[in-house]
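Comments concern the structure below.
A short reminder: the numbers here are calculations on the coordinates, not readings from a lab. Every value quoted in this text rests on a predicted model; they were computed, and no experiment measured them. No Cβ is skipped: glycine too gets one built from the backbone with ideal geometry, and neighbour counts run over all protein chains shown.
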Amino acid sequence: MKNEIQLSLFAFDISTGLLCREEPASNGFRMLCYQCPFSEKRKRGLFCSKYRIMIRARSKYGLPQWKKTRQAILDRDHRSCHICRSGDFLSVHHVDCDPTNDVPENLVTLCERCHALVHTTAIDPGSLRSHR
Ligand SMILES: [Zn+2]
Ligand SMILES: [Zn+2]
């Protein structure tokens, strides 16, 4: 279930060679890189032996697939914060704080303020999930 979105990515086809299609900017999609013949597991994380860089999960937020997912979640949540209903400065938060788990049930729209609260205080992520 966790791999649903990753598996639907065009670049997953291993016959294309480098799974980032030789665009290191999109190379950071960690679940993608795990499947790539050029990635090496290191102590500090995953390393790309082709571009000699550490692979960071955050880079995936620049990928078209994520932008599509993000829009879908914003639409689903009527473009308002799940906690305070504000419509300003919205972001999409991973309820279980696993940035690779992009199933819709794990994603929720939050405003900047509530998002910061969720990450810095002990708001139970489970309560977000069951709220809908
Ligand atoms: Zn809010
Ligand atoms: Zn978050």
For SER49 and ARG79, calculate 0.36 nm times their separation in residues minus their Cα-Cα distance, and state this gained length in nm to one decimal.
6.8 nm
Could you list SER86, SER91, SER49 in order of exposure, starting from the residue whose Cβ has the fewest other Cβ atoms within 10 Å?
SER49, SER86, SER91
